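Reading through the structure tokens given below for one structure.
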Amino acid sequence: MKDIVVIGAGKIGSTIAEMLAATGDYRVSLTDKSQDQLERLHPHAGVTPFRLDVEDGAQLRALLKGKYAVLSAAPFHLTIKVADVTWRVLAHYLDLTEDVASTRHVTALAEGASSAFIPQCGLAPGFITIVAYDMARGFDELHELKMRVGALPQYPSNALNYNLTWSTDGVINEYCEPCEAIVNGELREVPPLEEREEFALDGVTYEAFNTSGGLGSMCESLKGKVSNLNYKTIRYPGHAAIMKALLQDLRLRERRHILKDILENALPSTLQDVVIVFVTATGMKEGRLMQETYANKIYSQVRGGSHLSAIQITTAAGICAVLDLLAGGHLPAKGFVRQEDISLASFLANRFGQVYAHAASDARAA
């Protein structure tokens, strides 16, 4: 049984802890600085809650010392702190962040590290990266790779057509920060909330637009190998226009704490959501111009007697599957490990990755 620490006892962190403990293969310490948050947790065998402020480096180091791995489900601005202490105690490190600056720090920290550093193990970046890279490898010449992901309410009921399903800070950050892309073979930064497009899936119309962080390390991995590569977030039509008015016209981009307060007091959370993963690759195969598409929808489910949202299930399953693959010797145990280093077949065959496999009935169509 391996000792694991999960940082952050919110919806995602608590789900990660419970999924790991339920296997009987992991003994989990679940930490959060909020005592109220810890007291709201359902007691679970194999999960020990600890009140801990990540900013207290000495306390954090004492808890992490001797542990097999640390999984960070904390807000993105705490990523660097957790990664630094994990590096010092020689434990493996995994996180869910989509924040570009934090990931660059983790990547640099991993150089020469004696343990594995695997950032961006969630949904996007994370699972979509694994899918997209697997598709890219199947082309003799790759022209275009489009990666699209959305976590949406099944029953939208407000002007934004949106409910809060995960970190408000994370949503605002990806709507505000520059977005990486490859355009005509060149690495570029493109503005968030721009380049809006519409598409239909299963008779429902969606919009998609630039957001930050979803590509992970794909630009570096595919530079010189693809003409155009981009990531966009999926929403229902109308969402982008309202967010642009709030962030740009009302200048809430410069006062993010105000926008966070507005959203958290106006938009209810929901467990009735759907996660959409949509990847399209175009290029040459055996002398022919071909297009291949992966489309998958994952809905909220009742698991272990609890109703879990789709974003909880998919994000938690992603990082748990990567940890399982690491523990099983299927991933490098030292240095920086990219999501692209993870085999799609191995991921989907994993007991946690099967969450995606079960939902992906005939998901890929040429």
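The values are calculated or read from the model by the stated rules, or taken from the named source; none is laboratory data. All values derive from a computational prediction rather than experimental measurement. Quick reminder, even Gly has a Cβ in these numbers, built from the backbone with ideal geometry, and neighbours come from all protein chains shown. In case anyone asks, the SASA skips ligands and DNA or RNA and just uses the protein heavy atoms, side chains included. Shrake-Rupley method; radii C 1.70, N 1.55, O 1.52, S 1.80 Å.
Could the peptides 215-222, 91-98, 194-201 be put in order, highest first, of the mean number of other beta-carbon atoms found within 10 Å of their residues? If you can, show how the numbers build up before the last one.
Numbers: 215-222: 21.6, 91-98: 26.6, 194-201: 12.4.
So the peptides 215-222, 91-98, 194-201, ranked by packing, come out 91-98, 215-222, 194-201.
Stretch residue 108-residue 301 to full length: gain in nm at 0.36 nm per residue minus the Cα-Cα span?
Numbers: separation 193, 0.36 × 193 = 69.48 nm, distance 3.80 nm.
Once the chain is fully extended between residue 108 and residue 301, it gains 65.7 nm.
Excluding residues on the same chain fewer than 8 positions from residue 2, give the aspartates and glutamates whose Cα lies under 15 Å from its Cα.
Correct list for residue 2: 18, 25, 324.
Any aspartates and glutamates with Cα under 13 Å of the residue 67 Cα? List them, leaving off those in the same chain fewer than 8 positions away.
Residue 67 reaches 3.
First compute the accessible area of the chain with a 1.4 Å probe, then give the percent of it belonging to carbon and sulfur atoms.
49 percent
Just report the Cα centroid separation between the stretch 87-124 and the stretch 1-54, whole Å.
Going from one Cα centre to the other spans 20 Å.
Among 66, 87, 118, whose Cα sits farthest toward the positive end of the charge dipole of the stretch 62-120 (+1 at Cβ of Lys/Arg, -1 at Cβ of Asp/Glu, about the Cα centre)?
It is 66, whose Cα lies furthest towards the positive end.
Students often check this: by mean Cβ neighbours within 10 Å, which of 104-111, 140-147 ranks highest, and how do the rest follow? Intermediate values should be presented prior to the final figure.
Values: 104-111: 16.2, 140-147: 18.1.
My ranking of the peptides, most packed first, is 140-147, 104-111.
Which of 262, 162, 13 sits farthest toward the positive end of the charge dipole of the chain, with +1 on the Cβ of Lys and Arg and -1 on the Cβ of Asp and Glu?
Projecting each Cα onto the dipole axis, the largest value belongs to 13.
Using the alpha-carbon centroid of each, what span in Å lies between the stretch 304-350 and the stretch 217-245?
Here the answer is 23 Å between Cα centres.
Rounded to the nearest whole Å², what accessible area per residue is found for the stretch 220-366 with the 1.4 Å probe? Display every interim value, and only then the final one.
Numbers: 6760 Å² over 147 residues.
Per residue, the stretch 220-366 has an accessible area of 46 Å².
Taking the DSSP beta bridges in the chain as the whole, what percent of them are antiparallel, to the nearest 5? Intermediate values should be presented prior to the final figure.
Numbers: 45 of 77 bridges.
Percent antiparallel among DSSP bridges in the chain is about 60.
Can you compute the charge dipole magnitude of the chain about its Cα centre, using +1 on each Lys and Arg Cβ and -1 on each Asp and Glu Cβ, nothing else charged? Give it in debye, rounded to the nearest 20. All intermediate terms of the calculation are to be shown ahead of the outcome.
Values: 35 positive and 42 negative charges, 116 e Å.
Using only the charged Cβ atoms, the result is roughly 560 debye.
From zero up to wherever the largest Cα-Cα distance of the chain sits, split into 20 Å bins and tell me the percent of pairs in each.
Distribution as computed: 30, 61, 9, 0 percent.
When averaged across all projection directions, what area in nm² does the alpha-carbon convex hull of the stretch 252-315 cover?
Numbers: hull surface 32.0 nm².
Average of the hull's projected areas for the stretch 252-315 equals 8.0 nm².
Using 20 Å as the Cα-Cα cut-off, could you pick out the over-long pairs in 146/223; 81/223; 223/244; 146/297? Please report the intermediate quantities before stating the final value.
Working: 146/223 15 Å; 81/223 30 Å; 223/244 30 Å; 146/297 17 Å.
Result: 81/223; 223/244 exceed 20 Å.
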